[in-house]
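Just so it is clear, none of the values below were taken in a lab; they were calculated from the coordinates. For clarity, every value in this text was computed on a predicted model and none was experimentally measured. Because the Cβ atoms are built from the backbone with ideal geometry, glycine has one as well, and the counts that use them run over all protein chains shown.
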Amino acid sequence: MTRIVRKDAIDWKQYDPGKFYDELISSPGHARAVARGIVSYLQTLTEKHLQNRQQAADLAIKEMGISFTVYSEGENIDRSWPMDIIPRVIPITEWRRLEAGLVQRLTALNMFIDDVYHKQRIIKDKVFPAEIINSSKDFFKQCIDAKPKYGVWAHICGSDLVRDSDGTVYVLEDNLRVPSGVSYMLENRAVTKRVLPQLFRKHSILPVDDYPSQLFDMLTSLSPRHSRSPEVVVMTPGIYNSAYFEHSYLAQRMGAELVMGSDLVVGDDDCVYMKTIKGLERVDVIYRRVNDDFIDPEAFRPDSCLGTPGLMRAWRAGKVGLANAPGAGVADDKVVYTFVPAIIKYYLDEDPIIPNVPSFLCVDEKQRKHVLANLDKMVVKPANESGGYGMLVGPVSTKAERAKFADLIEKNPRNYMAQPALNLSTAPTLCNGRIEPRHLDLRPFILQGKHHYVTAGGLTRVALRKGSLVVNSSQGGGSKDTWVVDTEAK
Amino acid sequence: MLSRVAKRLYWMARQIERTENTARLMLVQHHMVLDLPASIRPGWDLMIEVLGARVAFDTLGVKPTEKNIIAFLFGSRDNPSSLLSSLAAARENIRTTREVLPTETWERINSLYLSVAQRGTRGLPGSIRHKVLNDIVHRCQQITGMLAGSMNNDAAYQFIRIGRNLERADMSTRIIDTASARLMGDREEILPYRNVLWVSVLKSLSAYQMYRLSVRRNVNPEDVLHFLLDSKIFPRALAHTLNEIDTSLGLLPRNKEALAAIASVKQALDEADPAMLKNATLHTFIDDMQLMLDDIHNAINHTWFDPEAGK
């Protein structure tokens, strides 16, 4: 059967990802098996059609109120969430392997955190250097000997995956503090269903919708009380936080109260209560989206007014579940990251399923020399910053920027690690009415409580500027709906 | 439901109601100024009295000209009850309770706030005054109607209804108080215009048409007072607002103290005879009413919004 191809349809032969691995197109004019449905559908459209769909998506996003907050020019602005309508696809066979790798990684990281706050076997066995823990900003004495349920500290993890030009997928970093983005993953799917419903008929795609109920189940499994319906709340720093949309969204989807620190009190019985119109009501589990050092002015920063005095006391006494547990950030450190393969080997006696990006520790003299000599080919990251801040992207940096970083590294080598700049994979993206390759990454979300759960796919973030590798939404990044496609299903 | 959320919804409702009432009051004043001879024309100064903003205005140290007063009532951030201040506060309250309100509420309040903020203190020239104020009244009514028409009638909605009605009760008593101080005296120059003036009192509370339908006599001070205080069917009459509050309070948990407070206001109102309420006695009576309305607010505040205060 011949397919009717419009004369003015998109010409995929013009689309050339060059030396990069493209997620949808293997070479000009040839779609990967997993993307054939999408590409053949897009072939029936002109770029004008596609742009109309993009406008429909932008409008839907505005109407649905999907936004994120940026702080600029002294004001907080709600910006519409940027989403490109061409989905990113992953074959199910590859996904199953990645999923297993993510579970393996989080399991080992949780064993590591639990060990670090108890016997520190991994240090005694000389697999992990003590000075890295001792100098870590995220190792909290207040957490030593605490016993969170199941020995799990990081319940919600967002790991960033990237693909290099040879097709290998690496873990770029693990976000174990308060990873965000999952609501956008859910909303991206909802928007795609609205504006490109025809596409779904051509593929068998794994659903993502069950995340809020999986999250809720995981959170209830942390309840200290054996109650049928434990009181779960989402704790937000408030409307000025960049992820407030997500806090409110998840609370709504789980039917949980959205609380601020001032809504909670810790009683003399060490239990946590929220102030309701019926009086004080006991809270069992807090999904806190407030950073460690702000959650409890009694235990951490006394000047914080975002938290609740006594929260740490309640948590240590086992009267409330906190997700993620305070102190979990100790494993979310870009220097600790370099040890994750060793950590997996040590606790699970397995080889890592997903490799780390080769990394150089600036604290090691030999490695530091290598980094300083090759700054123009490296990405240098501070140990504990997020959101893409404070980074040097060597290949696109100026001489002055490199000199500044060389100086920073010499002054505080513990605070920096470096990785060779990867050739991040690309996917077709609609840019000003034309389809062009743009670099992207993938953030799946992994849950661990009593059980594990991994989202089907995750949030794909895409750098909308040509040639850019920075995908953060606060710095001009966009996103894509992400499809795990069951290629065997009919 | 969280105390903080209940408190914000209550205040949001009050602030939207206050915006509507203030805009309407300014609208009526604007029209009355056009109708009356200069000698008895009530000045814009009167608005400051009615809204209890004397101190805030005097602190500014500007001349009480029409232009200055309108700027003060409309877009001043120094006036905590200006249209702009009320809308800014309502917007902030909606922004932090979005998860319990219909989605469109945020968009509506946001665009209303932005349109008032844009005009700011530039003033309201006569040519556009009617249009701008009228538009604000309509947009507030739209939000109130949307909440009434699309929210579950749960605790969240009860707090909104209580806030709205308490604000109405407050505004109705303020207007009655000021009007009576000005109009009840037998000042000769007023007599020919008494009718116009009392009609404007009714219009300030959008009560004129409903008064006509319900009273079916000429507009006279006794009947107007009776209508605005005792009508059980007019939504801005004191008796009606009290009934609404009473019903809503009845649906909330731990309502004993607040119910007691409302019961005493209702009783005081029942026992008052509007025919006897003249000049000084009316003023004292309204003063008492206002104090009792404060008691209701205080009971609500410490029962539901600040539970620790009760411990």
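Loop-located chymotrypsin sites (Phe, Trp or Tyr not before Pro) across region A:119-160 with a Cβ neighbour count of 11 or fewer within 10 Å are lacking, with loop assigned by DSSP.
How many percent of the alpha carbon pairs in region A:360-420 exceed a separation of 20 Å? Intermediate values should be presented prior to the final figure.
On the way: 210 of 1830 pairs.
Considering region A:360-420, 11 percent of its Cα-Cα pairs are separated by more than 20 Å.
In this structure, the amide hydrogen of A:S159, modeled 1.01 Å from its nitrogen in the peptide plane, lies closer than 5 angstrom to those of A:N175, A:I446, counting only residues at least 5 positions away or on a different chain.
Highest mean packing comes first when the peptides B:32-44, A:241-253, A:345-357 are listed by Cβ atoms within 10 Å, giving A:241-253, A:345-357, B:32-44. Take each residue in A:271-284, count the other chain C-beta atoms within 10 Å of its C-beta, and the mean is 5. Near B:V62, once Lys and Arg are set to +1 and Asp and Glu to -1 for all other residues with Cβ below 13 Å from its Cβ, the sum equals -2. Shown in residue order for region A:140-152 are the 3J(HN,Hα) couplings computed by the Karplus curve 6.51 cos²θ - 1.76 cosθ + 1.60 at θ = phi - 60°: 9, 4, 4, 9, 4, 6, 5, 10, x, 3, 6, x, 9 Hz (x for Gly and Pro). For region A:22-33, 3J(HN,Hα) computed residue by residue from phi via the Karplus equation (6.51, -1.76, 1.60; θ = phi - 60°) reads 9, 6, 10, 10, 7, 7, x, x, 10, 8, 5, 3 Hz, glycine and proline entered as x.
Let me confirm one metric for peptide A:252-261, namely the mean number of other chain beta-carbon atoms within 10 Å of its residues' beta-carbons.
On the way: counts 3, 0, 0, 0, 0, 4, 8, 3, 3, 0.
For peptide A:252-261, the averaged partner shielding equals 2.
Backbone geometry of region A:41-57 corresponds, through the Karplus equation with coefficients 6.51, -1.76 and 1.60 at θ = phi - 60°, to 3J(HN,Hα) couplings of 5, 4, 5, 7, 10, 8, 5, 5, 4, 5, 5, 4, 5, 4, 5, 4, 5 Hz, x marking Gly and Pro.
Taking only the C-alpha atoms of region B:254-303, Rg followed by Dmax gives 12.4, 39 Å. Only Cα pairs under 8 Å and 6+ residues apart enter the sum, and on that basis the relative contact order of region A:360-420 stands at 47 percent. Our summary gives chain B a relative contact order of 23 percent, counting only alpha carbon pairs under 8 angstrom and 6 or more residues apart.
Relative contact order, whole percent, for region B:163-311 stands at 28, derived from Cα pairs under 8 Å and 6 or more residues apart. Roughly how many whole Å is it from the C-alpha centroid of region A:197-254 to that of region A:75-120? What the calculation gives is 15 Å, centre to centre. Of A:C362, A:S262, A:N324, whose Cα points farthest to the positive end of the dipole of region A:254-387 (charges on the beta-carbon: +1 Lys, Arg; -1 Asp, Glu; origin at the Cα centre)? Of the candidates, A:C362 comes out farthest on the positive side.
In the protein assembly as shown, what percentage of the DSSP-assigned beta bridges are antiparallel, given to the nearest 5? Restricted to the protein assembly as shown, the bridges split so that about 75 percent are antiparallel.
Translational diffusion of the protein assembly as shown was estimated from the Stokes-Einstein equation, with Rh taken as the Kirkwood radius over Cα pairs; at 10 °C and 1.306 mPa s the coefficient is 52 µm²/s.
The alpha carbon centroids of region A:435-490 and region B:89-104 are separated by 31 Å.
Short to long, the 10 Å bins of the Cα pair-distance histogram for chain B hold 6, 27, 34, 25, 8, 1 percent of all pairs. Expressed as a whole percent, the proportion of Cα-Cα pairs in region A:252-302 lying more than 16 Å apart is 46%.
Averaged over peptide B:1-12, the number of partner chain Cβ atoms lying within 10 Å of each residue's Cβ comes to 4. Spherically averaged projected area of the convex hull of Cα atoms, region B:1-151: 9.5 nm². Gaussian network model of chain B, Cα springs within a sub-10 Å range: biggest mean-square fluctuation belongs to which of B:K203, B:K266, B:K256? Residue with maximal mean-square fluctuation among B:K203, B:K266, B:K256: B:K256. Fraction of C-alpha pairs exceeding 15 angstrom in region A:342-448: 71 percent, rounded to a whole number. Shape analysis of region B:153-311 yields a ratio of the Cα radius of gyration to the Kirkwood radius, Rg/Rh, of 1.02.
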